[in-house]
Structure formats: C-alpha cells, structure tokens
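The values are calculated or read from the model by the stated rules, or taken from the named source; none is laboratory data. All figures in this text were calculated on a predicted structure; none of them were measured in a lab. Here the Cβ positions follow ideal geometry from the backbone for every residue, glycine too, while neighbour counts run over all protein chains shown.
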Amino acid sequence: MELGIPALVFLATTLAVGGACLGLLRKQFHNTHHHLLVIALVGAVAYLAPLHISRSSARVADRLSLSWMGIARVHAHALERATEKVSDLTAETMQPVVQRTQRRLGQEAVFGRAIATASVTPDGRHVLQSLGLQKPEDRLYLHAGCEEKLLRCLEGKELWCVDAGKNGQVTGLMALIPLRDGADAVKGAMVLEFFPKLYNDAILREQWRVVGEFIGLLVICVCLGGFLVVRTEKRRQIELEKAIRPLRKDIESLDGMVNAVQGVVWERPASGGTFTYLSQSAEGYLGYDLDRWASEAGFLSNIIHSEDRERVEENWKKALANLERYQAEYRVVRQDGSTAFVQEYGQAARLMMDGLVLRGILLDITAQRENEASTQDMHKVMVEASRQAGMAEIATGVLHNVGNVLNSLNVGAKLLSERLKKSRMDKLCQATQLLKDNLPENPAFFTDDKRGQVLPGYLVDLSSYLRDEQNRLNATVSDMIERIEHIRDMIMLQQSHSSVRTLWEPLDLVTVMEEALRLEMDVNIAHQQVTVDRHFADLPPIYSARGLLLQILVNLLANACQAMGDKPASQRRMTLRIQPQGETHVRIVVEDTGCGIQPRHLTSIFTQGFTTKKDGHGFGLHHACLLAQDLGGSLKAESEGLGKGARFILEIPARKDSKTGPLPPPNTVSASNLP
C-alpha cells in the first residue's frame, strides 16, 4: 500500500500528538499505564487511517471510472448514429457530432481531453482519427498498454485504461468503447481520453477529507483519553493520599524518633563511598558538620583511630559476608584532634534494588568511659564495704539462729535448776545421819524405834526416786549438749563463708525433721501445747548439707509456733509434710494455723530487716532463704490473709549422691571425699 502526502501528513501529525501526550503524561503523572493507553489509542488511529484512506481512494476511483465510462458511451452512441461506416469518420466529420454531444453533457464534458476513432483497413492496419475536445490541437496518443486493450476493444469489449507514474500519480486515462453498425457488428472503436489531473485531484480531495475526519477522531480520542487519564489520576491520587496518610505519619514519627536519638543513624553501600542516609543529629557530631559527613567518601573510616581501624573494618566485612548484626566499640578522632570513644551497633542487609548495604547507629560513650575511670577507686571502696556488710549479714543471721538455740538452752537450764531445788538429796542425808548415829552402838533402833523400822523401806523408795531423777537430769543435760552442738554447727557454717567447708552427706529427711522438732519441743512446741501432724512420704536419703537444712527447719518451726501464740491451745496445730516434687526435687512444708500474712508481704518477709513481729529483727527468714539458695533450692510463703494461717514451702534438689543433681555451692565438701 502506497501512502500519499495526506497519509504521510496524518501519520506525522499522529506521531507528534502522541509524542506530546506521552511527554506530558510522563512529566505530569509518571505512570506507565497512561503511556500504554496513549500508545494504544494513537497506534489504533495511525493504523486505521491509511487503510481508510486507501479504501476511500479506491471507491472514488471506481466511481469516477463508472461515471467517465458513461460519458464515453454517450460519445460512442452519438458517433454510431452519425455514420454507418466507422472508416468514413474523420476529424472534420466527428467535430459537429462531438460538439453536440458536449453541449448535451454540460459540465461533465469538461473531463474529456481528446477523442479518437479507430478502424481496421482491409490490409489489417489500424487507422486512428483524433480530435481535441477542449483544444483543437490536442491529440490522442495510445500508450503501449492501451494498444493491447484497443485490440481487445475491437473484439467487442469495453475497457478502462489507466496509466500510473512512479510516484503513484495517474498520467493517462482512457475509455475504450467498441463502435457497432446496424447489424450489431463491431466496425471500430472509440477512444476517449480524460484529464488525469482532474482524476488525481478528486483522489487527493478524498484523501484529505479522510485525513480531516481522522484528525478530528484523533482529537476526540486525545481529549477523551486525556479526560479519562486526568479523572483516573485524580481518583488514584485521592486513594493514594488516603493510603499514604498513615504511612506519612509513621514516617514523620520514625524520622522524629531517629533524629531524637543522641547519636548518628546512618546507611551506606557495602562498597563504601558516601552515606545514603544520615540523621539530622550528625550536624556537629564529634565536631564535624553535616556536609562533611554526607559528601566525603569513606568519612567514618577516615576518622577511626589508626589502632582500631583494621579491627572495625574486619567487623564490617564479616557482617556483610554473613548478613548479621554486629557491635563494636572503638576510638575516633574529633575535629579538634582529641580522641573520643564510640559504640556502634549495626546490621548488614540486602536490598532488592541497591544490593548490600550497611546500617548502623553511632553513640558517643566518651563521658561514660571517663565516669567509669573516675569511679574505679570508689568501686574498690564499695567492694570492701560490701564484703564487710556481707560478713555482718551472715553474722547477724547466725546470731539470730544462735539466739533461738540459746533460748532453748536457757529454758533447759531453768528446768535443771528447778529440779535440783526439788531434789530429795537432803532426805538422803537425814537417813544416812540416822544410820550414822545408831550403828553400830544401838542395833535395837531398827527393831524397837518406829523410825528405824521404816528406814530400810524409805531408803529403797528414795533410791528409786533418785534414780528416776538422775535419768531426767541426764535427759535434760543431753538436750542441752545437743543444743550446744547445734550452736557449734551454726558457728562452723559462718566459718564456711571464709575458710571452712560445709559437709554434704546422705540425709534422711524424716530424721532431720524430727531432730528439728526435738530442738523446738521444750522451748515452743510443748510449752505452747502445739499439736503436730506429720505427713511424711517414704523417700530415700538425699545428698545435702545437714547443718544448713537443720537451721532452716528450726527457723520455720520457731516462726510457726510464735505465729500461733495468740490462738487458743485447741487451735494451735502445726502440719508438717515431706513429699516428692517431680523427679528432681523434694518439698518440705511447714503449715500453721496462726496469725497469717498479708498478701503484699508474702515476698517482703524474706527481705533483710523486714518483720511483722513487735520484738522481731527481720533476720531469720532472710537468712533461711539464703541458706535454701545455698542448698540449690528455694523458700517461699503462702497465706490466704490475716488470721488464716501460713504455709512455708522449702524445695531442695533430690540428689541421690555426690555426682547427680545440681552442683553444691562453693566452699562445700562431700562426705565421700573426707579422709
């Protein structure tokens, strides 16, 4: 399909309008969907316009050929009527016929340029008689292609001969009509030549008309597309604004938080170079202005102290290789040449578009390091004071426990003194004096005197009473000795925090509990008439420190008895339980029906110095809790409130031997390791 000037002009106009629209949309909206819409509309119009131009041109050409063939037939019929023999027609004889025909055709006669008749001589030659229609001097000349068609026309066929040039313009138009005689036999042919310029002008006008229509269509499409684009873009902008409004707030908040950090938040590519992001706090940081931070390549590496630079860069390379977090502390050189300590927290990340980046935050910790250096001497003093305070705390706990045992010893000593005062030793002295006075000089004293008669029986009863009294005194003395040994154990425990080691040995928990009950029996349990309920599970011996465990139990039993002091004797009940706690621990529970504990005090009662007793010191439970931790266990309290009793739960590891379970605390020795 050859494109004429109108089609080329239209294509150029379409490309210009399309390019202008694309440029405007790209500048205004930066949206590829709009570009595709414009390309689709312009491409469709640019494709359809040449097709329509070609088809319209073909329709005009067909219409002209039909119309001009009709004009040729009119001339042919006039010539057929004017003569019976075509060979008799000459230019002179044809002229009046042609003129009459031209007048009858009117305006349509202007299309013809020349007319000619062709006949065949008896010897087979073609004779052509030509006459100009508009100018007498115009003559008709047959082209090579028309000569062949002339032969076909002489055979009785009407033909249309078009001669086109190289540029697509028509250079010659001829209508070939056969001439017949009265018997309808072909005797010759008429050739009517038309002006090609009129033909070309008609085609060109049709093409420009189509171009005008498509330019209008293009304008409509561009306007409609622009309207749709603007409307869609406005709606998209509104929706985008609604969508990004929360995000903008978050970004503003995040930016505010980042800039509020007392350090420099930064990001840079893995290859080094300049920072791609810097927080506003970089302005004046370490004495450098923001422009230098942002514009100087490798700025952070350049200000790192020469002795630390290699180590820090190795941390960066490792983080980038493994895409992991890192932390580094190093020295940097300030603007004034002084040295500062900084702490850097960073992380390597891989971005979809920018590849590997390194992000971090730089904190100036110079003041912190200077404070640490200035407080070293003070720290030494505090460590010594803390050691002294720890020794005092241990001594206070030990003295508290020793005081409890001394109370028991005091009670035992008073019982011993009262029993000695009530002893019948003076009666024995009186009886022996009677024997001394009457033996051997007065044997009749034992037979005649009533005193002598009852003296043997009295001596027997008195010896039995003295034997029982001796047993009671021995029991009291043994109990006092046991309490003294308990004091010795507590003193040894206090020494364990310095040099002496605590002995770890296999223990039967029931035996240790009974021993603790025996230590508290005379002082609190029997004296206050406390009923003791025992619920002891059958457990194998465990590996623990007897002295530590005994001190804890004595403390708990004493506190339970003291808590029930204001209760009637019938309501003083203490419940003791020993039970397994899973496979690794043993639980010892001491429960009373005493005054109870307020819920807010359930944890405070283990704090040193905290007490709810009028004459308490706040050392017993605190020391017991520390001893429980030394055993690898824990001590806690439970209570439903004031007046509802309390429950103390001691959990310790159920070690089967010296090689299983939790490790014993420092400064301890296993019984199996003793010589």
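Side notes on the structure shown:
- Restricting attention to region 40-86 and to residues that are polar (S, T, N, Q) and buried (at least 16 other Cβ atoms within 10 Å of the Cβ), the residue that is farthest from residue 22 (Cα to Cα) turns out to be 83.
- Within region 93-107, the residues that satisfy the criterion of being closer than 18 Å to residue 128 by Cβ and either touching a strand residue (DSSP E or B) at 6+ places or on another chain (Cβ under 9 Å) or of a type in the set (S, T, N, Q) (or both) are 93, 94, 95, 98.
- Region 292-367 holds strands (runs of 3 or more DSSP E) entirely within its bounds, and those carrying 2 or more residues that are of a type in the set (Ser, Thr, Tyr) map to 325-333, 339-351.
Each row is one residue, and each column tells you yes or no for (1) under 58 Å from the mean Cα position of the chain (by Cα); (2) not β-branched (Val, Ile, Thr).
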{"residue": "512", "(1), (2)": "yes, no"}
{"residue": "515", "(1), (2)": "no, yes"}
{"residue": "541", "(1), (2)": "yes, yes"}
{"residue": "546", "(1), (2)": "yes, yes"}
{"residue": "551", "(1), (2)": "yes, yes"}
{"residue": "558", "(1), (2)": "yes, yes"}
{"residue": "566", "(1), (2)": "no, yes"}
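- The residues on offer are 217, 240, 254, and the sole one that is within 30 Å of residue 51 (Cβ to Cβ) and either in a strand (DSSP E or B) or out of contact with any Gly (no Cβ under 6 Å at 6 or more places or on another chain) (or both) is 217.
- Given (1) surrounded by 15 or more Cβ atoms within 10 Å (Cβ to Cβ); (2) more than 33 Å from the chain's Cα centre (by Cα), number of the condition residue 319 does not satisfy: (2)
- Residues of region 491-531 satisfying the condition of being of a type outside the set (A, V, I, L, M), more than 20 Å from residue 653 (Cα to Cα) and at pLDDT below 65: 494, 495, 496, 497, 498, 499, 522
- Of all residues in region 440-484 being outside any helix (DSSP H, G or I) and either surrounded by 12 or more Cβ atoms within 10 Å (Cβ to Cβ) or under 60 Å from the mean Cα position of the chain (by Cα) (or both), the one that is modelled with the lowest pLDDT: 442
- For region 628-654, taking the residues that are under 45 Å from the mean Cα position of the chain (by Cα), touching a residue at least 40 places away in the same chain (Cβ under 8 Å) and part of a loop (DSSP other than H, G, I, E, B), the one that is surrounded by the fewest Cβ atoms within 10 Å (Cβ to Cβ) is identified as 640.
- Test for residue 215: is it at pLDDT below 80, surrounded by 11 or more Cβ atoms within 10 Å (Cβ to Cβ) and farther than 30 Å from residue 163 by Cα: no
- Figure legend. Inter-residue proximity from region 80-107: first residues within 22 Å of residue 154 (Cα to Cα), second residues exposed (fewer than 13 other Cβ atoms within 10 Å of the Cβ), beta-carbon distance below 8 Å, spacing 6+ or different chains. Indicated pairs: 84/182; 87/121.
- Selection within region 63-79 - without any contact (Cβ under 8 Å) to a residue 60 or more places away in the chain and within 18 Å of residue 177 (Cβ to Cβ): 66, 67, 70, 74, 77, 78
- When residues of region 144-168 are limited to those that are of a type outside the set (D, E, K, R) and over 22 Å from residue 186 (Cβ atoms), the one surrounded by the most Cβ atoms within 10 Å (Cβ to Cβ): 162
- Residue that is farthest from residue 625 (Cα to Cα), among those in region 528-575 that are polar (S, T, N, Q) and touching a strand residue (DSSP E or B) at 6+ places or on another chain (Cβ under 8 Å): 531
- Count of residues meeting criterion [more than 16 Å from residue 535 (Cα to Cα) and aliphatic (A, V, I, L, M)] in region 574-599: 1
- The criterion of at least 3 residues that are more than 60 Å from the chain's Cα centre (by Cα) and over 25 Å from residue 85 (Cα atoms) is met, among strands (runs of 3 or more DSSP E) falling completely within region 154-200, by 159-164, 170-180.
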